[in-house]
Every structure is written in C-alpha cells, then in structure tokens.
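Structure, as structure tokens:
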Amino acid sequence: MLLHGFAASTDDLNAAVELVSAAAPFRHLKTPGGRPMSAAMTSCGACGWYSDSSGYRYEPLDPLTGRPWPLMPDAFAVLARRSASAAGFGEFFAPDTCLVNRYESGARMGAHRDADERDFSQPIVSVTLGAAATFLWYGTRRSGSPTRVRLEPGDVLVWGGAARKGYHAVGSPEQDLFGAGVRINLTFRKAL
Ligand code: MD3
Ligand code: FE
C-alpha cells in the first residue's frame, strides 16, 4: 500500500538520520561477490543489515565501529507503527531494525527480494526522504517489465502478505537543475 505524503514532518526524520549516521556512519557495503553497493547504508535498532564476503545477514553490533547500532529514534518507531496500522497490519508493528539507504547521483538498487528476516508474516515499511526516484515492482518473478511508481519525499510504502516476498528495485534519485539530489530511504523490518 502506498501512503502518499504520510510522513508529514520530514524535518524530524532527517534530523534523526543525522543522529543515527553520526554514531554509525554511512558506508558502501560489499556484496558477497565483492562489489561495492552504490547506495551507502547504515542501520539503527537492535540489529543492523550487513553484507560482506560472509554473506547477507543481521548483525547485533556494527562491524565498522564494534559498538551496538544506535537506538531506533522515537520518530522512526512511531512512524513505522502508524504506517503499518494505516495499511491494515494492526497496531503493534515493532520493527527491531531500520536500514537507512542513501542514494547519491547515479546510485540505484537492482532487483532483489528481502529474504534475510525470520518471519515473513511481518510487514515491511519503507519511507522516502530527500529526492524522488522511480520504484520498480516485479512481483513474483525477477523478469518482465516492472510496474513503475514515482516515490516522493514523505511517501510511505507498506509491504505485507504476498507482496512481502516480491522482487523490487529502485532507480537513481532525480537531480535538480544544479545536479543536486540525494534520496534517503528508511526500511523498517522485524528481522529477528
Ligand atoms: C517490497 N530499498 O532496502 S524501498 C531495501 O529505495 C530496498 O531503498 C529500496 O529495497 C530503496 O531492501 C526500495 C521499497 C521496498 C522496501 C522493502 C520491500 C519495497 C519492498 C520489501 C518487500 C517488498
Ligand atoms: Fe528491498
């Protein structure tokens, strides 16, 4: 479900991203095959998504700093819970992690499915901040022509049921006349 403009006060969320990334810096993770991802990432919450030559997984400590990931900011947890509720997934969505993706000019994410979590009955909430980008929805197969949806800052997507396992991708952020445009995506998951 697309909740257009559901994240009304993006200033609070952007400030929270600054706090999180001050404690756990954005970094370009490497795929298990050794290629750096074009989006820079960090996490907050009880665990954080991580990738290196050992594979994709959730880590309780940030391997970069050796410290626990920063606490999930209240503004994040409240928005995630309200979003899941508005989309019909109940009042009690309690994500234990938020992956923060930062897309600078030209950065993108290829088609994949989110499959490193334990319980696929839990929804995923994703929030766009900063620049807009085109989201690509493939569904059950990675092939064919995807449905394209333009995501604007403040847009929230909630994925549950059959859609939870669908293939998806996102294009690079739209650039303004000055060539500026950085998109931040928050992805809330119950991973453990
Ligand atoms: C559909 N992020 O972090 S958001 C990801 O824009 C990811 O940063 C993209 O895909 C981004 O895994 C896409 C939309 C999204 C997020 C999670 C999903 C779509 C999803 C999980 C299941 C199905
Ligand atoms: Fe994903």
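The values are calculated or read from the model by the stated rules, or taken from the named source; none is laboratory data. Every value quoted in this text rests on a predicted model; they were computed, and no experiment measured them. Cβ coordinates were reconstructed from backbone atoms using ideal geometry, including for glycine residues, and neighbour counts include every protein chain displayed. Each accessible area value is taken on the protein alone, full model and side chains, heavy atoms only, with ligands, DNA and RNA left out. Shrake-Rupley method; radii C 1.70, N 1.55, O 1.52, S 1.80 Å.
Would segment 117-125 turn up any residue that is within 10 Å of ligand 1 (Cβ to nearest atom) and either touching a Ser or Thr at 6+ places or on another chain (Cβ under 7 Å) or under 16 Å from SER38 (Cα atoms) (or both)? So that I can check it myself, show each step before the final result.
Residues of segment 117-125 within 10 Å of ligand 1 (Cβ to nearest atom): 117, 120, 123-125.
From the residues that got through so far, the ones that are either touching a Ser or Thr at 6+ places or on another chain (Cβ under 7 Å) or under 16 Å from SER38 (Cα atoms) (or both) too are 124-125.
Yes; the residues of segment 117-125 include at least one that is within 10 Å of ligand 1 (Cβ to nearest atom) and either touching a Ser or Thr at 6+ places or on another chain (Cβ under 7 Å) or under 16 Å from SER38 (Cα atoms) (or both).
Considering only residues that are of a type in the set (A, V, I, L, M, F, W, C) and closer than 22 Å to ASN14 by Cβ, which ones fall in segment 38-63? Talk me through it step by step, then tell me what you get.
Taking segment 38-63 as the starting set, the residues that turn out to be of a type in the set (A, V, I, L, M, F, W, C) are 39-41, 44, 46-47, 49, 61.
Across segment 38-63, the qualifying residues are ALA39, ALA40, MET41, CYS44, TRP49.
Could you grab the pairs with beta carbons closer than 6 Å, sequence gap of 6+ or different chains, first residue in segment 140-156 and among the acidic types (Asp, Glu), second one open to solvent by 40 Å² or more (accessible area, probe 1.4 Å)?
Qualifying pairs under 6 Å: ASP155/HIS4.
Please verify whether segment 170-178 includes one or more residues that are more than 10 Å from ligand 1 (Cβ to nearest atom), β-branched (Val, Ile, Thr) and more than 15 Å from MET1 (Cα to Cα).
So in segment 170-178, the residues more than 10 Å from ligand 1 (Cβ to nearest atom) come out as 172, 174-178.
Restricting the remaining residues to those that are β-branched (Val, Ile, Thr) gives none.
Taking every residue of segment 170-178 in turn, none turns out to be more than 10 Å from ligand 1 (Cβ to nearest atom), β-branched (Val, Ile, Thr) and more than 15 Å from MET1 (Cα to Cα).
Among the numbered criteria (1) in contact with a Cys (Cβ under 9 Å, 6 or more places away or on another chain); (2) farther than 29 Å from GLY139 by Cβ, which one does GLY34 miss?
(1)
Rundown of residues vs (1) within 11 Å of ligand 1 (Cβ to nearest atom); (2) more than 21 Å from ALA132 (Cα to Cα), yes/no style:
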| residue | (1), (2) |
| --- | --- |
| PRO25 | no, yes |
| LYS30 | no, yes |
| CYS47 | no, yes |
| PHE76 | no, no |
| ALA86 | no, yes |
| ALA94 | no, yes |
| ARG113 | yes, yes |
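Keeping to segment 149-192, report how many residues are surrounded by fewer than 19 Cβ atoms within 10 Å (Cβ to Cβ), within 15 Å of ligand 2 (Cβ to nearest atom) and of a type in the set (S, T, N, Q).
Total satisfying the criteria: 0.
For ALA133, which of the numbered conditions (1) open to solvent by 20 Å² or more (accessible area, probe 1.4 Å); (2) within 10 Å of ligand 1 (Cβ to nearest atom) fails to hold?
Checking ALA133 against (1) open to solvent by 20 Å² or more (accessible area, probe 1.4 Å); (2) within 10 Å of ligand 1 (Cβ to nearest atom), the one that fails is (1).
Do we find that ASP12 is charged (D, E, K, R), open to solvent by less than 30 Å² (accessible area, probe 1.4 Å) and at pLDDT 95 or above in this structure? Talk me through it step by step, then tell me what you get.
Values: charged (D, E, K, R): yes; open to solvent by less than 30 Å² (accessible area, probe 1.4 Å): no; at pLDDT 95 or above: yes.
Criteria not met by ASP12.
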